[in-house]
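The values are calculated or read from the model by the stated rules, or taken from the named source; none is laboratory data. All values reported here derive from a predicted model rather than from experimental measurement. Backbone-built Cβ (ideal geometry, glycine too); neighbour counts: all protein chains shown.
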Amino acid sequence: MPAASIDVRGVSKIYNPGSQQPVKALDTVSLSIADNEFFTLLGPSGCGKTTLLRLIAGFEQVSGGEILLFGEEIAHLQPSQRSVNTVFQHYALFPHMSVAENVGFGLERLKKPKDEVVSTVKRMLSLVKMDHLADRRPSQLSGGQQQRVALARALAPSPKVLLLDEPLSALDLKLRQTMREELKQLQRETGITFVFVTHDQDEALAMSDRIAVMSEGHIQQIGSPTEIYEHPVNQFVADFIGDSNFLDGEIIAIEDDIVTCKIGSESVFEAENSGNHAVGDQVTLFLRPEKISLTHSTDESTDNHRRGKVSNIVYLGNEAAYTVDMGDGISLMAQARPKEDGNLPFAIDDDIAVGYSNRALRVLAK
Amino acid sequence: MSKWLPKSAAARRWLGLTPAYVMIGIFMLVPISIMAVYSFLEPNPYGGVLPEPSVAAYVKLFLEYDLEDNLVFNPGYINIIFRSFQLSIMATVICLVMGFPVAYYITLQPENKRNIYIYLITIPFWTNLLIRTFAWIIILGRGGVIETPLLNLGIIDDSLKMMYTDGAIAIGLTYSYLPLMVLPIYASLEKLDFRLLEAASDLYSSRFQIMTKVVIPLCKPGIVAGCILVFIPCIGAFIAPNLLGGGKKLMLGSLVQFQFASARNWPFGSALSMLLLSAVVVALIFYARSARKKEYIQGTA
Ligand SMILES: Nc1ncnc2c1ncn2[C@@H]1O[C@H](COP(=O)(O)OP(=O)(O)OP(=O)(O)O)[C@@H](O)[C@H]1O
Ligand SMILES: [Mg+2]
């Protein structure tokens, strides 16, 4: 077990306690972030991600629980006494200083010798490919450039932990994808623990070693990107990450690791058993669209095959999203690639075969 | 479009601004020109001027005739000018030291409270300055609010002689113009992005360094504006110097007022005013410079 760089133990945060409307932003959150880990906090707006970062950085005080930084309780430490730097969502660059002065700010406060400040600033600026703009003011930079300066400024004092609050949210898609790779590479090179906040699931999946999915001040699930994507513990996580088909029904039989469910009035689906379920339980079945194969005639290689009718098509360029009406009030989302000539394989109202393997359909806990 | 209007847009803009230029011309340039002309004329002992050119008023600033009619250096007026600057700078510095924390405190209040505080700051302006300055005589003067209890308690056994001192003038000036310091500083602090303070503390700044490295540089335009707004009326003030300085410790403003009123030396008063005006212009140029720098920072934001 590698040394934990941040230990969050049963932390709660209540804003405006004792007032008319106290806000419970975090509710007994516990998590442990390993050294050198790229850890992501993922969740919808208002779920408490920023609050957790601000508690770690020291801008807010916990209402309950404790936070340990490399084994040390940090409640009594000012933000300036924590070896933690933040890349703010809004960058918060100092407008009256040049890019180089911004990057050197932390080093100067730490009273590093002049030549070391100069050389570190140079190194940081070339790391984020901003050395040619060292003399500019932040206001003369584009959003992406400001973001790089904010990153260089936070990295310059070589903190043990870097907190990043949705640093890519203001960038356009292309730049965001480039920055993703650069950030990930930077984290590997520097070996600094990154705590990265985002509400973009693609970003989280692409960059993280582990992800904590949050909702309304609670942690729903912590795991690697594949664990989170393939084995979501509940409907919230499955829904928040990627696209999903959900089927509500009742268990009518359990046999080894196969659960048989009745969906709608008469349809019967078999799914992989994921936990302790009993016959008669109301459950939700979950199936990723990309696990479904759509064919004209029945595909014998899949465990399950059914037939359905195409009811809607959304063309996405590299693929098309199909909605297939399975009858009995059930419809499934699935995907298919366009053919070689660019035309779509199926048209609306086509009668097609829908196949999936037993392991693709899972029972979610209620 | 009317055929009388000039064709080019620039010319039309000038035409549109004509009323403003006429107003400025009549109500600013003409009086200043009259003052400049008067400063180069002979005084009429019964008030007003005699139409004879003379530089006597400017000579009088530095020189005087001794008993044998020789021109000799007279430091009297120079001293008054010097003291005016000294007292005005002192009052400005005190206003800054007292006004900045007040403005900062107000900025930290919730929004609805801020307006109340700003309103309170401006309340003194609703009363005549003369009356407010008289109040200070009651506070500082012999047998006043400060002295009497101390005398009665036996802590002091003679008057503190606080009135008619430079200190009394400085207090009066500070009191008169403190709001003019608070308001512009508040205006610039209010625009300050307080998240920058968090960024600074995240980057290992102490509270003191946050102030000196982030807050003060960013609200410098407000500080400069406040200093100028206090300094300029201070240097021309005559109410506080006359009432609290007892008319003995003259300042430029009271000197000018004296020349036009009792001394009947309009040219000399005009010459002093010209000097005052130059001081103000220098101060404003200084302000324009710093404002331009601020524009550079914000204009590109
Ligand atoms: N200073 C504050 N005072 C009162 N309530 C607050 C304060 N800051 C945040 N909250 C509340 O706490 C909850 C969590 O806020 P937080 O900023 O942590 O959300 P977030 O997950 O970062 O959201 P987003 O993705 O929109 O940034 C929200 O309901 C928010 O309204
Ligand atoms: Mg946030």
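Checking each residue in segment A:98-129 for being within 11 Å of another protein chain (Cβ to nearest Cβ) and either among the acidic types (Asp, Glu) or crowded, with 19+ Cβ neighbours inside 10 Å (or both) picks out A:GLU101, A:ASN102, A:VAL103, A:GLY104, A:PHE105, A:GLY106, A:LEU107, A:GLU108, A:ARG109. Note on segment A:130-149: residues that are within 9 Å of chain B (Cβ to nearest Cβ) and part of a helix (DSSP H, G or I) total 3. One residue stands out among those in segment A:83-92 that are more than 8 Å from chain B (Cβ to nearest Cβ) and buried (at least 21 other Cβ atoms within 10 Å of the Cβ): the one that is farthest from A:ILE33 (Cα to Cα), which is A:TYR91. Among the residues making up segment A:208-236, those that are assigned to a helix (DSSP H, G or I) and either surrounded by fewer than 23 Cβ atoms within 10 Å (Cβ to Cβ) or over 11 Å from the mean Cα position of the chain (by Cα) (or both) are A:PRO225, A:THR226, A:GLU227, A:TYR229, A:GLU230, A:GLN235, A:PHE236. Taking the criterion of being charged (D, E, K, R) and under 15 Å from the mean Cα position of the chain (by Cα), the residues of segment A:182-206 that qualify are A:LYS184, A:ASP200, A:ASP202, A:GLU203. Could you say whether any residue in segment A:162-176 is within 14 Å of another protein chain (Cβ to nearest Cβ), crowded, with 20+ Cβ neighbours inside 10 Å and away from ligand 1 (no atom under 16 Å from the Cβ)? Scanning segment A:162-176 turns up at least one residue that is within 14 Å of another protein chain (Cβ to nearest Cβ), crowded, with 20+ Cβ neighbours inside 10 Å and away from ligand 1 (no atom under 16 Å from the Cβ).
The single residue among A:THR86, A:THR50, A:THR28 that is out of contact with any Leu (no Cβ under 8 Å at 6 or more places or on another chain) and within 16 Å of ligand 2 (Cβ to nearest atom) turns out to be A:THR50.
Residues that are within 16 Å of ligand 2 (Cβ to nearest atom) and out of contact with any His (no Cβ under 7 Å at 6 or more places or on another chain) do occur in segment A:149-161. Put simply, of A:VAL314, A:VAL283, A:VAL268 the only residue that is outside any loop (DSSP other than H, G, I, E, B) and surrounded by 16 or more Cβ atoms within 10 Å (Cβ to Cβ) is A:VAL283.
The helices (runs of 4 or more DSSP H) found entirely in segment B:45-151 that carry 2 or more residues being surrounded by fewer than 12 Cβ atoms within 10 Å (Cβ to Cβ) are B:75-108, B:111-122, B:129-140.
Scanning segment A:35-70 for residues that are surrounded by fewer than 16 Cβ atoms within 10 Å (Cβ to Cβ), within 14 Å of A:THR193 (Cβ to Cβ) and within 12 Å of ligand 1 (Cβ to nearest atom) gives no hits.
Of A:PHE59, A:PHE38, all but one fail to be within 16 Å of ligand 2 (Cβ to nearest atom) and aromatic (Phe, Trp, Tyr); the exception is A:PHE59.
Conditions (1) farther than 30 Å from A:GLU189 by Cβ; (2) over 20 Å from the mean Cα position of the chain (by Cα), marked per residue:
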residue	(1), (2)
A:ILE6	no, no
A:LYS13	yes, yes
A:VAL23	yes, yes
A:ALA34	no, no
A:GLU37	no, no
A:GLY46	yes, no
A:ARG54	no, no
A:SER80	no, yes
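Report, ordered by the first and then the second residue, all pairs with beta carbons closer than 9 Å, sequence separation of six or more or different chains, a first member in segment A:41-61 that is away from chain B (no Cβ under 14 Å), and a second member that is near ligand 1 (Cβ under 7 Å from one of its atoms) and among the charged types (D, E, K, R). Hits for this filter: A:LEU41/A:LYS49; A:LEU42/A:LYS49; A:GLY43/A:LYS49; A:LYS49/A:GLU166.
For beta carbons closer than 6 Å, sequence separation of 6+ or different chains, a first residue in segment B:184-203 that is more than 7 Å from chain A (Cβ to nearest Cβ) and a second that is among the polar types (S, T, N, Q), the qualifying pairs are B:LEU189/B:THR107; B:GLU190/B:THR107. Among the residues of segment A:176-207 satisfying the criterion of being closer than 14 Å to A:CYS47 by Cβ and in a strand (DSSP E or B), which is nearest to ligand 2 (Cβ to nearest atom)? Among them, the one singled out is A:VAL197. For A:ASP200, the conditions (1) away from ligand 1 (no atom under 16 Å from the Cβ); (2) in contact (Cβ under 8 Å) with a residue 12 or more places away in the chain; (3) not hydrophobic (A, V, I, L, M, F, W, C) all hold with the exception of (1). Evaluated against (1) assigned by TED's automatic domain parsing to the domain that holds A:VAL8; (2) among the acidic types (Asp, Glu); (3) surrounded by fewer than 20 Cβ atoms within 10 Å (Cβ to Cβ), A:GLU203 falls short on exactly one condition, (3). As for segment A:139-156, it holds no residue that is surrounded by 16 or more Cβ atoms within 10 Å (Cβ to Cβ) and under 19 Å from the mean Cα position of the chain (by Cα).
Evaluated against (1) surrounded by 16 or more Cβ atoms within 10 Å (Cβ to Cβ); (2) closer than 26 Å to A:VAL11 by Cβ, A:ASN245 falls short on exactly one condition, (2).
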